[in-house]
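Accompanying notes for the structure given below.
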Ligand SMILES: Cc1cc2nc3c(=O)[nH]c(=O)nc-3n(C[C@H](O)[C@H](O)[C@H](O)COP(=O)(O)O)c2cc1C
């Protein structure tokens, strides 16, 4: 893929995400490693991106706001993300700032999930210790019973669960080359947000990095 100073990195991300989605043997082509850091020790875990916005340059993932990552982001909203698509020989590195998704976006996504996923999102105090998973399972069964008896087909999104938008300030495209002659293209911009979390961003700066 031709990448240069005239390229729009957001359009390239979109193309790479589509290429990954079309690569049939990947179970989760939308999985990425998300790193957060509330203190001097960064933490990483896999999450799934569910929405990508090529106008403003963010991706959305959904989680428990009271989980380890949720609390990390409350303390420090800086985050890093990396996708790796083995078949395509591609790595995509992103850095930026996370802000909570608008309530309507979280509601819509929550409503689109199967009821069992909704119940688990409601009941699990993600990242909190528990003596035995049977305790959680019993709660789940009790909740399912109530739902069946009352003929309920959906539940409201709990306040502790929703989306984050990761707005990119740094985007690096990496493509594998022969004999480790890899191609690396870095785009960077400065982000700022007004009091309503509206994005203001500078133009992208571009450079090529040695492999
Ligand atoms: C393929 C895969 C996809 C996952 N997707 C999500 C996700 O979208 N949201 C989420 O909260 N956790 C997801 N998880 C679980 C996280 O990796 C992690 O265990 C959980 O969010 C708790 O992380 P924390 O304690 O750092 O907050 C996923 C795990 C895997 C392996």
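Bear in mind these aren't lab numbers, they're just calculated from the coordinates by the rules spelled out. Source: prediction; values computed, not measured. Here the Cβ positions follow ideal geometry from the backbone for every residue, glycine too, while neighbour counts run over all protein chains shown.
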Problem - Relative contact order of the chain, defined on C-alpha pairs under 8 angstrom at six or more residues apart (%) - result: 21
Handout entry: Equivalent ellipsoid semi-axes - Cα gyration tensor, segment 45-142, angstrom
Key = 27, 16, 16
Completion exercise
Bridge orientation stat for segment 104-211 from DSSP, antiparallel percent rounded to 5, came to 100
Handout entry: Gained length - residue 209 relative to residue 194, 0.36 nm times residue gap less alpha-carbon distance
Key = 2.2 nm
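Please report the relative contact order for segment 165-207, taking Cα pairs under 8 Å with a sequence separation of at least 6, and give it as a percent rounded to a whole number.
Computed over segment 165-207, the figure is 31 percent.
How high is the FRET efficiency from residue 44 to residue 115, r the C-beta distance, R0 35 Å, rounded to 0.05? Working shown, then result.
Working: r = 31 Å, r/R0 = 0.87.
Taking R0 as 35 Å, the efficiency between residue 44 and residue 115 is 0.70.
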Completion exercise
Inverse of <1/r> over all distinct C-alpha pairs of segment 92-211, i.e. the Kirkwood Rh in Å, gives 18.4
Practice task
Quickly estimate the mean residue ellipticity at 222 nm for the chain, helices only: each DSSP H run with n ≥ 4 gives -39500 (n - 2.57), and the total goes over all residues, rounded to 500.
Solution key: -8500 deg cm²/dmol
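Peptides 46-56, 157-167, 70-80: what's the order by average Cβ count within 10 Å, highest mean first? Intermediate values should be presented prior to the final figure.
Numbers: 46-56: 14.0, 157-167: 20.5, 70-80: 17.1.
With the highest mean Cβ count within 10 Å placed first, the list reads 157-167, 70-80, 46-56.
Under the definition of Cα pairs under 8 Å and six or more residues apart, what whole-number percent is the relative contact order of segment 43-113? All intermediate terms of the calculation are to be shown ahead of the outcome.
Numbers: 55 pairs, mean separation 13.5, N = 71.
Contact order relative to length: 19 percent.
So, by mean Cβ neighbours within 10 angstrom, what's the order for 61-69, 118-126 with the highest one leading? Spell out each step's value before the answer.
On the way: 61-69: 19.8, 118-126: 16.7.
Taking the mean over residues of other Cβ atoms within 10 Å, the ranking is 61-69, 118-126.
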Practice task
Along Cα→Cβ, 7 Å out, is where each label goes; now give me the distance between the ones at residue 131 and residue 155 in nm to one decimal.
Solution key: 2.2
Exercise for the section: Provide, as a two-decimal number, the C-alpha radius of gyration of the chain over 2.2 N^0.38 Å, N being how many residues it has. Expected result: 1.15
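Does segment 157-211 classify as rounded, prolate or oblate by the C-alpha gyration tensor (a ≥ b ≥ c root eigenvalues; a/c under 1.5 gives rounded; else a/b over b/c gives prolate, otherwise oblate)? Please report the intermediate quantities before stating the final value.
Details: a/c = 6.90, a/b = 1.82, b/c = 3.80.
Taking the square roots of the gyration eigenvalues as a ≥ b ≥ c, segment 157-211 is oblate.
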Problem - Relative packing of 204-211, 105-112, which averages over residues the other C-beta atoms within 10 Å, highest first - result: 105-112, 204-211
Exercise for the section: In a Gaussian network model over the chain where Cα atoms closer than 10 Å are linked, find which of 92, 34, 136 has the largest mean-square fluctuation. Expected result: 136
